[in-house]
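A short write-up of the structure that comes next.
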Amino acid sequence: MRGSKILITGPTGQLATPIALALAPENEVWGIARFSNPAAREGLEKAGIRCQTVDLAAGDFTGVPDDFDYVLNLAVAKSGHWDKDLGANAESVGLLMAHCRGAKAFLHCSSAAVYDPPDDEPRTEQAALGDNHKFLFPTYSISKIAGEVVARAMARILDVPTTIARLNVPYGDNGGWPYYHMEMMLAGIPIPVPPGGPARYNPIHEDDIIATVPKLLEAASVPATTVNWCGDQVVSLQEWCGYLGSLVGKEPVFEESQHALRGNPTDGERMHELIGGTTVDWQDGLRRMAAKFHPELVGA
């Protein structure tokens, strides 16, 4: 992507930061968030990103232009408070789309957490939805489902081409769920796992996330396009923890819990049809991540 005016929500987040930094050199990138961390804002501004303090749930876009070519809605709230998270994860989607109704395409980042977990079969985009993350994040799955519904409705009301992308375990040099597992191992903290067999997912590296963003925007449509956003390789939590443990010299300790997240593999067929596959091997990606955070333990 070159020469475009792009708005990114939540640019200080684990997912949005590398995307914003990758797009900034060749585009006019704006980032909106609360910016409670001045250092994070300063780092983005040094990279050429125009930062504006905005409370998305309030819908006050004072100082934010409305002539963006593309909008990447990557912000997320997990406070556990229903009013706050429904406002931030769902109502804000409609308010933002109304403000940017002239955009060529709107990318709404959802999550594989919207799927109901009846079994360990990969979920297609037509699979049942449900409260996947109830025990860990009580408001998350429901508010993300609500956000999808708002995006779908506003795409039709405003005629804004939209893609809803259900992300499955993003990770990379900016962290992610496997990073926290690595830190837990180093601290000697047991890692919760669901009873039964391995908990399988489709982790996707930030390099593949960045590479597929333009293609997801190209796939935007009215009615909205919904697609899984996931790595091609199915990997269990137990596998990636074992591999990370071998890199940092710690054996993972697993603790079965009824409240641990169940595996949530997703089907990539529709993704392949729309935007192609992924390229980063999960072991290579995890090694790079471990080396970034613990160079004293892992060689680059």
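What the table shows:
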quantity	calculated
Kirkwood-Stokes translational diffusion coefficient of segment 51-115, alpha-carbon pairs, 20 °C, 1.002 mPa s, µm²/s	170 µm²/s
Relative contact order of the chain, defined on C-alpha pairs under 8 angstrom at six or more residues apart (%)	17 percent
Highest-first arrangement of 105-114, 149-158, where packing means the average Cβ count within 10 Å	105-114, 149-158
Scattering curve values for the chain, log₁₀ I(q)/I(0), Debye with Cα scatterers, q = 0.16 Å⁻¹	-1.40
Cβ-based exposure ranking for H259, H181, H81, H294, in which fewest neighbours within 10 Å come first	H259, H81, H294, H181
Fraction in percent of alpha-carbon pairs per bin - 10 Å, segment 94-202	12, 35, 32, 15, 6, 0
Alpha-carbon radius of gyration plus Dmax, which is the widest Cα pair, for segment 90-130 in Å	14.4, 41
Segment 1-149: radius of gyration and largest Cα-Cα distance (Dmax), Å	15.9, 47
Segment 137-246, relative contact order [Cα under 8 Å, separation at least 6], %	39 percent
Projected area averaged over orientations for segment 129-281, convex hull of C-alpha atoms, nm²	9.6 nm²
Cα-based Lys proximity count in the chain, under 20 Å, for pairs eight or more positions apart or on separate chains	10
Relative contact order of segment 24-118, pairs being alpha-carbon contacts under 8 Å that are 6 or more residues apart, as %	27 percent
Calculated FRET efficiency for the pair L297/E42, C-beta based, R₀ 22 Å, to 0.05	0.15
For segment 225-300, projected area of the alpha-carbon convex hull averaged over all directions, nm²	6.7 nm²
Descending semi-axes in Å of segment 33-74, equivalent ellipsoid built from Cα gyration tensor	18, 14, 9
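Bear in mind these aren't lab numbers, they're just calculated from the coordinates by the rules spelled out. What you see is a predicted model, and the numbers here were worked out from it, not measured in a lab. Cβ atoms come from the backbone with ideal geometry, glycine included; neighbour counts cover every protein chain shown.
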